[in-house]
Amino acid sequence: MTQQLNGHDLLREEPETPTLTTLPSEIVALRDLVRSWVRERVAPAVRRLDAADAADFDWDLVREGHDLGLTRLVVPQQFGGAGHGIFGVAVALEELAAVDAGLALAFGATMLGQAPVLLSGDPRLQARFLPLFSGDDPVLACNAITEDLAGCDLLIPENAGLAQDVMSAHRDGDHYVLNGSKRFITNGKVATYATVFANMEGHPGATGLTCFVVMLESPGVTLGEVADKMGYRSCLGTELHFAGVRVPVDNVVGGEGDGVHVNIQQMNMARAAVAAISTGVARGALDQAVAWAGDRVQGGVPLRQHQFTARKLAEMAAKVEAARGLYLKAAYLADNEIPAPAFEPAVAKLFADRIAIEVATEAMGLMGARGYLRDHGMEKRLRDALGARIYEGTPEVLALAITESLYTDDDDF
């Protein structure tokens with residue numbers, strides 16, 4: 001497939017506004033392009049990708065996705081990107097995740113690595129790093145926050161002062177020096193650069209958190225072992241170690257101590273996209289269950305004609321539709337409100353993460369023993385469904401964000 005999302009074929013000068021029942025034509029074109037590619041090229045590779053060694057990475061498929069524009073969906077057109085917002089990204093990620101959530105996350109993590117550069121509003125920083133994704137060869141990025149002892153304490157602002165043993169940074173002339181380690185970093189092993197969050201020395205916990213763009217070929221950066229994960233096996237989670245890594249002052253996003261603000265904003269944007277991944281996992285499970293129940297005959301009729309099965313399929317379909325509606329609303333608001341809201345993306349992710357597990361579990365039950373076998377792929381969907389409950393906010397972290405909004409937001413709905 002040679003059609004590309006280059007910002008001219010699929011985008012208008014004034015993109016259409018989505019409604020409750022329709023997608024803008026440019027988003028439909030994007031959705032259909034990605035859907036065609038994943039069905040034609042990704043679906044046949046899913047079993048192989050899932051069974052491969054934890055450190056294996058399919059650069060060929062990533063290159064094909066890059067050729068389609070999936071590494072530069074949110075990169076502005078002036079830097080060679082497609083110029084989509086979170087709304088378009090979310091729709092594309094649902095299509096990817098309906099076939100393979102790991103590949104969806106590999107592209108999604110690149111967008112997360114691009115997010116601080118976009119949020120910086122710094123034209124010089126953007127001009128240096130965003131064009132990297134528009135060349136002939138695929139370039140991936142990553143976002144490095146999580147640490148061994150500082151996980152959720154880096155995601156919850158009021159816990160920043162309690163974070164333990166956070167990666168440190170200090171100023172040395174026209175550079176900053178970074179020391180410490182990051183864990184479970186998606187794309188860390190294969191990315192060109194990372195947006196790294198480190199705490200300024202002299203500030204307790206993570207109260208001096210600052211974001212840096214770090215080229216991963218820099219002296220002092222060591223890429224650790226790839227995690228052997230339960231699901232999402234086609235993307236790589238890696239440790240990153242920084243020992244005296246010198247980062248130019250010009251690579252700071254915002255300024256010293258702005259890392260918490262950057263982190264909150266990128267999370268509120270990313271959660272809508274992650275909700276789309278979970279929705280895609282649920283939709284993939286539903287589609288497979290629908291096909292199975294339409295073909296499998298029991299009691300002389302297809303399973304779908306049994307009232308008990310019909311009820312299960314209907315409930316599953318309703319959950320997928322509801323999850324999609326929530327993530328589309330959250331993505332639209334993330335694109336059109338400054339700052340991006342906390343409530344809607346957190347609600348969308350909390351709900352979508354839960355229904356992905358519920359729908360995959362029900363679908364496995366409908367398929368009986370075959371649902372439990374690797375050959376049929378449903379057990380993979382269930383393993384993938386469980387993964388999204390960890391990254392970009394656990395249900396408990398999301399609950400704090402949602403509840404805080406309930407007590408602070410003035411709007412009724």
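Of all residues in the range 129-166 being touching a residue at least 60 places away in the same chain (Cβ under 8 Å) and part of a helix (DSSP H, G or I), which is surrounded by the fewest Cβ atoms within 10 Å (Cβ to Cβ)?
Out of the qualifying residues, it is C152.
Could you list, in sequence order, all residues of the range 169-185 that are of a type in the set (D, E, K, R) and surrounded by 21 or more Cβ atoms within 10 Å (Cβ to Cβ)? Quick ask: steps written out before the conclusion?
If we filter the range 169-185 for residues that are of a type in the set (D, E, K, R), which is where we start, we get 171-172, 174, 182-183.
Within the range 169-185, K182 is the sole residue that qualifies.
Residues are listed down the side, and each one gets a yes or a no for (1) at pLDDT below 95; (2) buried (at least 20 other Cβ atoms within 10 Å of the Cβ); (3) not assigned by TED's automatic domain parsing to the domain that holds G180:
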position	(1), (2), (3)
L236	no, yes, no
A243	no, no, no
R246	no, no, no
R271	no, yes, yes
R283	no, yes, yes
A289	no, yes, yes
Q298	yes, no, yes
P302	yes, no, yes
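Somewhere in the range 239-258, is a residue part of a helix (DSSP H, G or I) and touching a Gly at 6+ places or on another chain (Cβ under 7 Å)?
As a first pass, look at the range 239-258 and keep what is part of a helix (DSSP H, G or I): 249-251.
Narrowing the set further to residues that are touching a Gly at 6+ places or on another chain (Cβ under 7 Å) leaves none.
No, there is no match, as no residue in the range 239-258 is part of a helix (DSSP H, G or I) and touching a Gly at 6+ places or on another chain (Cβ under 7 Å).
Restricting the first residue to the range 58-74 and requiring it to be in contact (Cβ under 8 Å) with a residue 60 or more places away in the chain, which pairs with a second residue that is of a type in the set (S, T, Y) and not in a loop (DSSP other than H, G, I, E, B) meet a Cβ separation below 7 Å and a spacing of at least six or different chains?
So the pair list comes out as T71/T110; R72/S134.
If you check G188 against the conditions, is it surrounded by 24 or more Cβ atoms within 10 Å (Cβ to Cβ), at pLDDT 95 or above and out of contact with any Phe, Trp or Tyr (no Cβ under 8 Å at 6 or more places or on another chain)?
On the way: surrounded by 24 or more Cβ atoms within 10 Å (Cβ to Cβ): yes; at pLDDT 95 or above: yes; out of contact with any Phe, Trp or Tyr (no Cβ under 8 Å at 6 or more places or on another chain): yes.
It is true that G188 is surrounded by 24 or more Cβ atoms within 10 Å (Cβ to Cβ), at pLDDT 95 or above and out of contact with any Phe, Trp or Tyr (no Cβ under 8 Å at 6 or more places or on another chain).
The values are calculated or read from the model by the stated rules, or taken from the named source; none is laboratory data. If you're wondering where the values come from, they're calculated on a predicted model, not measured in any experiment. Here the Cβ is made from the backbone with ideal geometry for all residues, glycine too, and neighbour counts use every protein chain on show.
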